[in-house]
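Report on the structure given below.
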Ligand code: AMP
């Protein structure tokens, strides 16, 4: 804090009142649409994310770490100002830092002028407050609602087109959308995404991305996944198709016999984004939508061939898929291949992953021409929910050893052996206080430990340890070496 910060941070009555309210004593809860992921649940998240990292790395994808907020204009340009995500769902605010910096600069320039006659001071102060208010607002920034735009921004900013080969990047982290929370839909949610950026748009790239996705879902034991694919054409043929679709939708809207068949959202989208009408899930709109012209009948020759080759590649890789002509995805940047994966147990929010090709995005964001791209984002919250709902939760390693000790001499021995076990990768709980053995074993059981290591007077004098397996109460007497080796081989055997 510098000398002006108090003045600026709390410069008006509103701020003072709201700060008072904020310090009121009460119990706090996580904000609606956000949640805490607690242990042991968090272990499943770590396992899923680790499986994803390993799978992605096996396809030579490397991690990119991105900022959580970006300029609002980046999302408006990349995702599209007409989309729900940008139009309604972003957490956007003016960057107070910019304004604050400007205010400080202004004060530094102005305050030395205060040495003036009293009669001038009144006028000076009036001008001063007007000029202070007239300082420009800060820049508009938004919490990221998705990360493809950031990856493309970083690609351009760091000149990654000059690096050899395609850039195969992945990210893991939270996204933010101001949606109405429901099962599988949060305002802070998590994605694992992958992007390939480079000069080539070969369908083999699309197919490899899809193969990798399904390898991960298989590895993570996601049940009943279905891959849907579509091609929405390039700027050329897609543009013509969108116009055709708009004309057809206008006819439906303008015909008194069918006018009522489209709801207000679809009516609005006829002008703003007709492709989005195909996304509609409203039951009453389905009969008219089903009769609309289909993009597959309007692809140009190059796009038709790209899609046909992609399907051949999928067959070659034995990847089952279904075509879905209505899969247009909500974002503006997609071209040609679009896809989505659904999984079991998710109710209406059953998409665990969405993605597609975005060949013009880098250029659209002011980057070099000719860079192609394809990527996906997995919704981690939904993937985890699906694993849980299908009852396929893997047995994950928890607490291995609880140390039960009695007697002053047992303590240094317990500290020493705990250190050695931890160094071998075992999770060890050494309670800070001595407990009667019965109580200690009860606690070990409640904590879900696999073993209790008992160290009492007898163990100290004989130089052995008593190891009790809690699942069947079997006990062994082992010296230190035997103990370390036995527990380490158990850990390896359990895959922990
Ligand atoms: P999108 O970026 O909209 O293509 O979404 C990609 C994936 O992220 C979806 O298939 C969902 O699994 C997940 N997702 C999107 N929005 C949310 C949300 N509000 N809450 C939880 N998961 C979401």
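The values are calculated or read from the model by the stated rules, or taken from the named source; none is laboratory data. Because the structure is predicted, anything quoted here is derived from the model rather than measured. For neighbour counting, all protein chains shown are included, and Cβ atoms are generated from backbone atoms with ideal geometry for every residue, glycine included.
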Positions within the range 49-92 being in a helix (DSSP H, G or I) and touching a strand residue (DSSP E or B) at 6+ places or on another chain (Cβ under 8 Å), in sequence order: 49, 52, 53, 56, 72, 73, 75
First in the range 440-467 and at positive phi, second anywhere and outside any helix (DSSP H, G or I), Cβ under 9 Å, 6 or more apart: 448/40; 448/398; 448/399; 448/470; 463/479
Odd one out for residue 207 among (1) over 24 Å from residue 65 (Cα atoms); (2) in contact with a strand residue (DSSP E or B) (Cβ under 9 Å, 6 or more places away or on another chain); (3) modelled with pLDDT of 95 or more: (2)
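Look at residue 328 and say whether it is modelled with pLDDT under 95 and part of a helix (DSSP H, G or I). Talk me through it step by step, then tell me what you get.
Details: modelled with pLDDT under 95: yes; part of a helix (DSSP H, G or I): no.
No, not satisfied.
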Those helices (runs of 4 or more DSSP H) lying entirely in the range 437-496 with at least 3 residues within 18 Å of residue 423 (Cα to Cα) and in contact with a helix residue (DSSP H, G or I) (Cβ under 8 Å, 6 or more places away or on another chain): 480-494
Qualifying residue in the range 167-187 (condition: under 30 Å from residue 308 (Cβ atoms), out of contact with any helix residue (DSSP H, G or I) (no Cβ under 9 Å at 6 or more places or on another chain) and surrounded by 20 or more Cβ atoms within 10 Å (Cβ to Cβ)): no
Residue 173, sole failed condition from (1) farther than 17 Å from residue 343 by Cα; (2) within 16 Å of the ligand (Cβ to nearest atom); (3) touching a strand residue (DSSP E or B) at 6+ places or on another chain (Cβ under 6 Å); (4) at pLDDT 95 or above: (3)
Matching residues, the range 216-256, being surrounded by fewer than 17 Cβ atoms within 10 Å (Cβ to Cβ) and within 30 Å of residue 53 (Cα to Cα): 218, 219, 221, 223, 224, 226
Any hit, the range 333-342, residues being within 12 Å of the ligand (Cβ to nearest atom) and assigned to a loop (DSSP other than H, G, I, E, B): yes
Candidate set: the range 345-361, residues that are within 10 Å of the ligand (Cβ to nearest atom) and part of a loop (DSSP other than H, G, I, E, B); chosen: the one modelled with the lowest pLDDT: 349
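Based on what the data block shows, is residue 201 out of contact with any helix residue (DSSP H, G or I) (no Cβ under 6 Å at 6 or more places or on another chain), within 16 Å of the ligand (Cβ to nearest atom) and in a loop (DSSP other than H, G, I, E, B)? Let's see the steps before the verdict.
Values: out of contact with any helix residue (DSSP H, G or I) (no Cβ under 6 Å at 6 or more places or on another chain): yes; within 16 Å of the ligand (Cβ to nearest atom): no; in a loop (DSSP other than H, G, I, E, B): yes.
It is false that residue 201 is out of contact with any helix residue (DSSP H, G or I) (no Cβ under 6 Å at 6 or more places or on another chain), within 16 Å of the ligand (Cβ to nearest atom) and in a loop (DSSP other than H, G, I, E, B).
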Criterion violated by residue 100 - all others in (1) in contact with a helix residue (DSSP H, G or I) (Cβ under 8 Å, 6 or more places away or on another chain); (2) away from the ligand (no atom under 16 Å from the Cβ); (3) modelled with pLDDT of 95 or more satisfied: (3)
Spans of helices (runs of 4 or more DSSP H) in the range 259-324 with at least 3 residues buried (at least 19 other Cβ atoms within 10 Å of the Cβ): 264-272, 301-316
Residue list for the range 362-384, filter: within 16 Å of the ligand (Cβ to nearest atom) and in a helix (DSSP H, G or I): 380, 381, 382, 383, 384
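Please pick out the residue among 195, 146, 137, 179 that is modelled with pLDDT under 95, closer than 23 Å to residue 73 by Cα and within 16 Å of the ligand (Cβ to nearest atom).
Values: 195 fails: modelled with pLDDT under 95; 146 fails: modelled with pLDDT under 95; 137 fails: within 16 Å of the ligand (Cβ to nearest atom).
Result: 179 is the single residue among 195, 146, 137, 179 that is modelled with pLDDT under 95, closer than 23 Å to residue 73 by Cα and within 16 Å of the ligand (Cβ to nearest atom).
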